[in-house]
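The values are calculated or read from the model by the stated rules, or taken from the named source; none is laboratory data. Predicted model only: the values in this text are computed from it and were never measured. Quick reminder, even Gly has a Cβ in these numbers, built from the backbone with ideal geometry, and neighbours come from all protein chains shown.
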Amino acid sequence: MRLLLVEDDLPLSKSLSKALKSEGFSLQTVSNGREAIASVEFEQIDIVILDLGLPDMDGIDVLKQIKGKKNKCQVLVLTARDQLSDKVKGLDAGADDYLVKPFEYDELSARIRVLERHLCNREQPFLQIGELTLDPSGHVAFLNGDDLALSKKEYMLLKALMESIGRIQTKENLEAKLYDYGEEVMSNSIEVHIHHLRKKIPPNLIKTVRGIGYTINKGSS
């Protein structure tokens, strides 16, 4: 699950980033509206946490542009605008949830989990290839009914490949799904994760497309 935090208050942004990463979320942070819109357009973003008081654009306009792109990402507005009219305006503009500052982190975390469940419910409940089954809502994978005990990165990698069965995923695309924006990534990280993942799943399931990336072919088992 990849989150985008749009917040120009640097101390708050750092605090939230640390807390969200500790929960295992992949997180990208930006501080203005234009960067937020570009991130949603060009990156794989699942949930946007959006402050409305941004330095370059009104957050409501950012919200409308994000929702106007017809993507499936959820938007949680996080703002000091606490009037009922503000909340109605935000929800009418397409916000999936609205949380007023100051707030308790536990409540924010709970609301993110609700949005995460909404996303999972929109997707196919289970992804399956032969005896390999992946449960997106539970963040687990099974082989012949047995838990594969995947690491976080191995699970995210397998999910990315199974969701795009028959299509090649480039190394760069996979890195964007597994790592936070700006996070240092070793040149062979994806290869290492693929190596470990292959030891836990049926042989020859993941195909290497030399010089491009990886794929799971239709009919693999």
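Considering region 1-45, the residues that are among the β-branched types (V, I, T) and either assigned to a helix (DSSP H, G or I) or touching a Gly at 6+ places or on another chain (Cβ under 6 Å) (or both) include one that is modelled with the highest pLDDT, namely I37.
Any residue at all in region 107-125 that is out of contact with any Pro (no Cβ under 7 Å at 6 or more places or on another chain) and closer than 19 Å to K200 by Cα? No, region 107-125 has no match at all.
Conditions tested, residue by residue: (1) out of contact with any Gly (no Cβ under 7 Å at 6 or more places or on another chain); (2) modelled with pLDDT of 85 or more; (3) surrounded by 14 or more Cβ atoms within 10 Å (Cβ to Cβ).
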site: N144; (1), (2), (3): yes, yes, no
site: L148; (1), (2), (3): yes, yes, yes
site: K153; (1), (2), (3): yes, yes, yes
site: L157; (1), (2), (3): yes, yes, yes
site: E163; (1), (2), (3): yes, no, yes
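Residues in region 126-139 include at least one that is under 18 Å from I216 (Cβ atoms), charged (D, E, K, R) and surrounded by fewer than 19 Cβ atoms within 10 Å (Cβ to Cβ).
Results for (1) closer than 21 Å to K199 by Cβ; (2) in contact (Cβ under 8 Å) with a residue 60 or more places away in the chain; (3) out of contact with any Ser or Thr (no Cβ under 6 Å at 6 or more places or on another chain), shown as yes or no for each residue.
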| position | (1), (2), (3) |
| --- | --- |
| I49 | no, yes, yes |
| L63 | no, no, yes |
| L91 | no, no, yes |
| G94 | no, no, yes |
| L115 | no, yes, yes |
| L119 | no, yes, yes |
| Q128 | yes, no, yes |
| L150 | yes, no, yes |
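Scanning region 56-78 for residues that are assigned to a helix (DSSP H, G or I) and of a type in the set (D, E) yields one hit, D61. The set of residues in region 156-180 that are of a type in the set (S, T, Y) and within 13 Å of the chain's Cα centre (by Cα) contains only Y179.
Of all residues in region 6-44 being in contact with a helix residue (DSSP H, G or I) (Cβ under 6 Å, 6 or more places away or on another chain) and without any contact (Cβ under 8 Å) to a residue 60 or more places away in the chain, which is farthest from L91 (Cα to Cα)? Ranking the qualifying residues of region 6-44, first place goes to V30. On the stretch given as region 48-88, residues that are among the hydroxyl-bearing types (S, T, Y), under 22 Å from the mean Cα position of the chain (by Cα) and farther than 18 Å from I112 by Cα total 0.
Report whether or not R2 is surrounded by 14 or more Cβ atoms within 10 Å (Cβ to Cβ), touching a residue at least 40 places away in the same chain (Cβ under 8 Å) and either charged (D, E, K, R) or in contact with a Pro (Cβ under 9 Å, 6 or more places away or on another chain) (or both). Yes; evaluated as a whole, the condition is true for this residue. Scanning region 154-192 for residues being under 20 Å from L4 (Cβ atoms) and of a type outside the set (D, E) gives a total of 12. Which members of region 46-55 meet the condition of being in a strand (DSSP E or B) and buried (at least 20 other Cβ atoms within 10 Å of the Cβ)? I47, V48, I49, L50 - these are the residues of region 46-55 that are in a strand (DSSP E or B) and buried (at least 20 other Cβ atoms within 10 Å of the Cβ). Of note, A110 does not satisfy the criterion of being closer than 20 Å to K177 by Cβ and in a helix (DSSP H, G or I).
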